[in-house]
Amino acid sequence: MSLSLQEIVQRNNLLHCIQCGICTGGCPITIKAPLNVRKYMREAAVLRKLEIRPQNELWGCTTCANCASRCPKQLKPYEFLVDVRSIVVEKGEVAPTIRDALESVYLNGNPWGRARGKRVEWARDLNVKHVSQGADVLYFVGCTTSYDPRVQSIAKSLVKCFNAAGVDFGTLGEEEGCCGSEVYHIGERGLFELLVEENMKLFSGYGVKRIVTNCPHGFDVFKNKYPSTDLELWHHSQFLAKLIDEGRLVLSKRVEKKVIYHDPCYLGKRNKVFDEPRKVIESIKGVTLLEFDRSRGRSLCCEGGGGRMWFDVPGPRLAEFRVKEAVEVGADIIAVACPFCLLTMEDAVKTTGNEERVQVMDIAELLSLAL
């Protein structure tokens, strides 16, 4: 059941909003869509009404958290928009692509419309054990990494790194379901709560204590939206940096490339993980690390989060700006640490005609080249 307007106002502390406009002024989506979260917040708090505007406004938000990082009153405008979305979702007033993604999560445990039985095809011939056989680490693969042919390479590279470092790990195999991050940020509260219950039951049943995921969205939702537990949560950039620091992951090969790193919003702005991915990249002999003008907490969103993988807003993609800048500074590789960033950046490389000038790689793929 969605929240009432009064509950939304109280939950998001909207009466503390001073209408400074910093949230709207710093929103990357305003480059291409008329999203004005400040006006929405004023309507709700002062006028006590919500006028749901065209879909490109409400669904334009990528939940990148740029607004929250800049708000002088420590509000989270993107969370307010998620609450507004929950009203729309409950009424069934969503785009067919979003509806289909949610339905697939409920039926198949993933938003991509793929059968649960195909979730482990990426691991064929890799001899990856199920966590029930006993493992120090649960590798939570995630939906996009499990099913997308391009992104499966991240999982395979990570397994190679784990094996090289002697990490005792396992997966949930076909039992793994959606983490619920995009479900939550789309606004489907009931389905999200169901996923949390199912996943927590799995973790508890198999005695999971430590989880590594290569998806910042999974990392974020487990850390910040699931019930507080003793689970030890790691994004793969953090875990790989730890293995390198401990001398367990020895890099013997040189990679003579200029690499520019793109900070994923859910890893950087939302969870302040900035140094570890760079440490992983800089540990590779021969690599020259470059930086975007807008990096770390100022990183430009790729437009993959907040359900935007299933809803497109017309206009140039922000990822295209990133690709063009990477080419201008002479980068050979755009390094990412997120499945969504990998896909949006690769699409942008194609749409900007830069296939011959720059390529996109996850840090795990990059690291596996040096083993």
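We did not get these values from a lab; they are worked out from the coordinates using the rules stated. Just so you know, these numbers come straight off a predicted model, no measurement behind them. With ideal geometry, Cβ positions are generated from the backbone for all residues, glycine too; neighbour counts draw on all protein chains shown.
How much net charge surrounds Pro227 when only the other residues with a Cβ under 14 Å from the Cβ of Pro227 are counted, with Lys and Arg +1 and Asp and Glu -1?
-1
Give me the net charge of Val131's neighbourhood, meaning all other residues with Cβ under 12 Å from the Cβ of Val131; Lys, Arg count +1, Asp, Glu -1.
The answer is -1.
To make sure I understand the rule: partners must be aspartates and glutamates, Cα under 13 Å from the Cα of Lys49, and not fewer than 8 residues away in the same chain. Which ones qualify?
Once the sequence-local aspartates and glutamates are set aside, what remains near Lys49 is Glu7.
Please list 3J(HN,Hα) in residue order for region 177-185, calculated via the Karplus relation 6.51 cos²θ - 1.76 cosθ + 1.60 where θ = phi - 60°; whole Hz, with x for glycine and proline.
x, 5, 5, x, 4, 6, 4, 4, 6
Which FRET efficiency value, to the nearest 0.05, do you get for Lys201 and Thr288 by plugging their Cβ-Cβ distance into 1/(1 + (r/R0)^6) with R0 = 41 Å?
Taking R0 as 41 Å, the efficiency between Lys201 and Thr288 is 0.30.
Considering amide H positions built from the backbone, and no H for Pro or chain starts, which residues 5 or more places from Gln359, or on another chain, come under 5 Å of its amide H?
Ile333, Ile334
Which net charge results when you count Lys and Arg as +1 and Asp and Glu as -1 among the other residues whose beta-carbon is under 15 Å from that of Glu355?
Its environment carries a net charge of -1.
So what are region 134-242's ellipsoid semi-axes, whole angstrom, largest first, if each one is the square root of 5 times an eigenvalue of the alpha-carbon gyration tensor?
In descending order, the three semi-axes are 22, 16, 12 Å.
Note the angle between two axes, namely the Cα long axis of helix 152-165 and the longest principal axis of the Cα atoms of the chain, as a number of degrees from 0 to 90, rounded to the nearest 10.
For helix 152-165, the angle is close to 50 degrees.
Through the Karplus equation 6.51 cos²θ - 1.76 cosθ + 1.60, θ set to phi - 60°, convert the phi angles of region 341-352 into ³J(HN,Hα) values in whole Hz; use x for Gly and Pro.
4, 4, 6, 5, 5, 5, 4, 5, 4, 6, 5, 9
Per the helix-only calculation at 222 nm, which mean residue ellipticity applies to the chain, given -39500 (n - 2.57) for every DSSP H run of n ≥ 4 and division by its residues, nearest 500 deg cm²/dmol?
Taking each H run of at least 4 residues, the total per residue is -11500 deg cm²/dmol.
Output ³J(HN,Hα) for region 31-44: one whole-Hz value per residue in order, computed from phi by the Karplus curve 6.51 cos²θ - 1.76 cosθ + 1.60 with θ = phi - 60°, and x for Gly and Pro.
4, 10, 9, x, 7, 10, 5, 4, 5, 4, 5, 5, 4, 5
Relative to the longest principal Cα axis of the chain, at what angle does helix 96-108 sit, 0 to 90 degrees, rounded to 10?
Value to nearest ten degrees: 50.
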